[in-house]
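Worksheet: the structure to be examined is printed underneath.
FYI, it's all coordinate maths here, none of it is from the lab. Predicted, not measured: the structure shown is a model, and the values here were computed from it. Please note: Cβ atoms are built from the backbone with ideal geometry, for glycine as well, and neighbour counts cover all protein chains shown.
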Amino acid sequence: MNTYAKSADQYLAQRVLGASPEQQAALLMEAGQLFLGKAIRAMEQKEPFEVARHLGQVAKIINESVIRLNMEDGGELVQNLLKIYAWWTSELFEAGSSKDTARLRVLSHHMGQIREAWEQLHQKNLKAASTPGYELKAMVV
């Protein structure tokens, strides 16, 4: 591994370790979008092994997003996210098997919207945490 790659990995590790649970959820969505973009490019270049590898990474990211949800305190929001993540998984495999880049682009767009929502929740929690007597109930672990 070259020096640039090592420093990029260290930067990413610091970014993840220093992130709130909401920021970590947003980072997962960012990674999902990155791998979807790589899968789309691989489809367009007719590289089936790369497509499978990148879609596999997206599937892992979706699964990790499910695992991180706070099932005990998340309520209806968590139940809705579970439905969205299940739909994403189904859509990911259907789009992959039919080589439908348009569906993958839609999935990436949805990940971007959820990413923005996690980032907004993080900002809201930062503001609320500065309020005396505020108790935070996280949606992710």
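Taking every Cα-Cα distance in region 94-134 and sorting them into 10 Å bins from zero, the calculated P(r) comes out as 27, 27, 20, 15, 9, 1 percent.
So what's the convex hull volume per residue for the Cα atoms of region 42-100, in Å³? Please report the intermediate quantities before stating the final value.
Details: hull volume 3.6 nm³, N = 59.
Dividing the Cα hull volume of region 42-100 by its residues yields 61 Å³.
Of all aspartates and glutamates in the structure, the ones whose alpha carbon falls short of 12 Å from that of Lys99, not counting any fewer than 8 places away in one chain, are Glu44, Glu47, Glu91.
Peptides 26-36, 61-71 ranked from most to least packed, by the mean per-residue count of other Cβ atoms within 10 Å: 26-36, 61-71.
Could you tell me the convex hull volume per residue, in Å³, taken over the Cα atoms of region 3-129? Don't jump to the answer; show the numbers that get you there.
On the way: hull volume 14.1 nm³, N = 127.
Convex hull of Cα atoms, per residue: 111 Å³.
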